[in-house]
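The values are calculated or read from the model by the stated rules, or taken from the named source; none is laboratory data. All figures in this text were calculated on a predicted structure; none of them were measured in a lab. When we count neighbours, we look across all protein chains shown, and the Cβ atoms used for this are built from the backbone with ideal geometry, even at glycine.
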Amino acid sequence: MMILNYDVCVLGAGASGMVAAICAARKGNKVTIIDRMNKVGKKIYATGNGKCNFTNTQYDYDSYRGEDVKIVEDVLNTFSYVDTIDFFEELGILAKNKNGYIYPYSEQASSVVEVLSMELYRLGVDIKTEECVLGVDKSKNNNYTVKTDKGVYMCANVIMAMGGKASPKLGSDGSGLAILKNLGHKIVAPHKALVQLKCKGKSFKAISGVRLQADVKMHISGKGKEHIVYSNYGEIIFTDYGISGIPIMQLSRYASKALGENKKVTLSLDFFPDIDYSSLVGMINKRRQRNNQYNNLKSDEELLTGMINNKLASYIVKNFNNKKDSDNEKKSFKQKANKKSPNEEMIKVKELVAVLKGMELEVVDTNSWDNAQVMAGGVSTKQITHSTMESTLHKGLYITGEIMDIDGTCGGYNLQWAWATGYIAGTSIK
């Protein structure tokens, strides 16, 4: 088997890997980039719903999560969103700013992959696709041997850019974690992030596809008095298995981790965060009184007509009656009106508003790794030099992108992390 020699072997041709290869090659290094997929940048095509939201001007360090987020500040101070925009403008990408979300002017993710590919070819980087990395060994002279299913490579520097476990069909299957673990690196337990949530119950198909704005609170309960609350606001989407939408995706990494630790996870959904409880009770009670006056209230959910989606209104009325009532005791507002029981009617209004202001769902699982956009956890950043992305355990070994224990929220933050770490690693190799 032929042994090929390079100054730099980049393992993984995703966002961070391609930028790292470009930067290393610009410094005069002989570079190869190896990927198991049939073309480079496979995962980039799926970003931003195919439009590639490649960075964001409105971020702070709270947009990133991990056990040691100090590295985020150091990395983004070195290569900020401004540097990302400039980097891609030099390659031919004109940036479009949509309220801080930066897209290529073409609004095609393929444009980003194409300009990166053209630069790799221009610099003479050897691109190896449909080739799986099997292992990385370090020799006594501090050089590295990279073994693949098609050959052996000798190099002075290795850039590990193999991604995490999210979206394996797009290239990142988590195999890089095992390689780095064999080299002595600590791995923070991987779990899914930016993923949809599965909830307890069998009747979600009735509201599948319903979208609306909500304030979402995630409650995590552990042993004893442990109780943690996370929150987010935005458009949620009900699915036939549970719930999705940006707020859910943003909070999902906490649910994924908690469920893996056998903790209880519940969601509280407020569909009217701008209206307080008492005002909403008064509003719906006026509707009840008006309808009772003309005896034209056909069903309980009609009280919510024009306030929330009809399917959701019906779902709430059918599934969130007072659990203390027996089946014989449960009566609609219409039935209550006929029996002239205003106190009971008001109780039912308050019960309804309590659900509208805090509909509870128990989370029992997340969607699969195939559906997750990002991996949380990964290689501990405590074993990575912030200024170079070089391993503190092995000289000449660099670690970039999603494989590290850093994950960002929705909005271009994960791609910014990939570009920045790839740039720093590539430019750090002499």
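Within the range 392-412, the set of residues being over 26 Å from the mean Cα position of the chain (by Cα) and either at pLDDT below 95 or of a type in the set (Ser, Thr, Tyr) (or both) comprises THR392 only.
Residue count for the range 409-429 under the criterion of being in contact with a Ser or Thr (Cβ under 7 Å, 6 or more places away or on another chain), surrounded by 24 or more Cβ atoms within 10 Å (Cβ to Cβ) and farther than 20 Å from GLU119 by Cα: the result is 1.
Out of the residues in the range 374-408 that are part of a loop (DSSP other than H, G, I, E, B) and either assigned by TED's automatic domain parsing to the domain that holds GLU261 or aliphatic (A, V, I, L, M) (or both), which is farthest from SER63 (Cα to Cα)? Result: LEU393. Scanning the range 271-291 finds one or more residues that are modelled with pLDDT of 95 or more, within 22 Å of LYS202 (Cα to Cα) and buried (at least 16 other Cβ atoms within 10 Å of the Cβ). Here ASN343 clears all of (1) assigned by TED's automatic domain parsing to the domain that holds SER256; (2) touching a residue at least 60 places away in the same chain (Cβ under 8 Å) except the condition numbered (2).
Note on the range 116-159: among residues that are surrounded by fewer than 15 Cβ atoms within 10 Å (Cβ to Cβ) and free of Cβ contacts under 8 Å to residues at least 12 places away in the same chain, the one that is nearest to ALA178 (Cα to Cα) is ASP137. Looking only at the range 227-269, filter to residues that are touching a Cys at 6+ places or on another chain (Cβ under 8 Å) and buried (at least 20 other Cβ atoms within 10 Å of the Cβ); which one of those is farthest from ASN367 (Cα to Cα)? Looking at the filtered set, the residue picked out is LEU267. Do you know which residues across the range 86-107 are in contact with a strand residue (DSSP E or B) (Cβ under 6 Å, 6 or more places away or on another chain) and of a type in the set (D, E, K, R)? The answer is LYS96, and nothing else.
For the range 177-198, which positions are within 15 Å of TYR254 (Cα to Cα) and either assigned to a strand (DSSP E or B) or of a type in the set (D, E, K, R) (or both)? Within the range 177-198, VAL188, ALA189, PRO190, HIS191, LYS192, ALA193, LEU197, LYS198 meet the criteria. Of GLU351, GLU362, GLU329, which residue is under 45 Å from the mean Cα position of the chain (by Cα), at pLDDT below 50, surrounded by fewer than 19 Cβ atoms within 10 Å (Cβ to Cβ) and assigned by TED's automatic domain parsing to the domain that holds GLU261? Matching residue, one of GLU351, GLU362, GLU329: GLU329. Counting only strands (runs of 3 or more DSSP E) wholly contained in the range 15-113, the ones carrying 2 or more residues that are surrounded by fewer than 19 Cβ atoms within 10 Å (Cβ to Cβ) and not hydrophobic (A, V, I, L, M, F, W, C) occupy 95-98.
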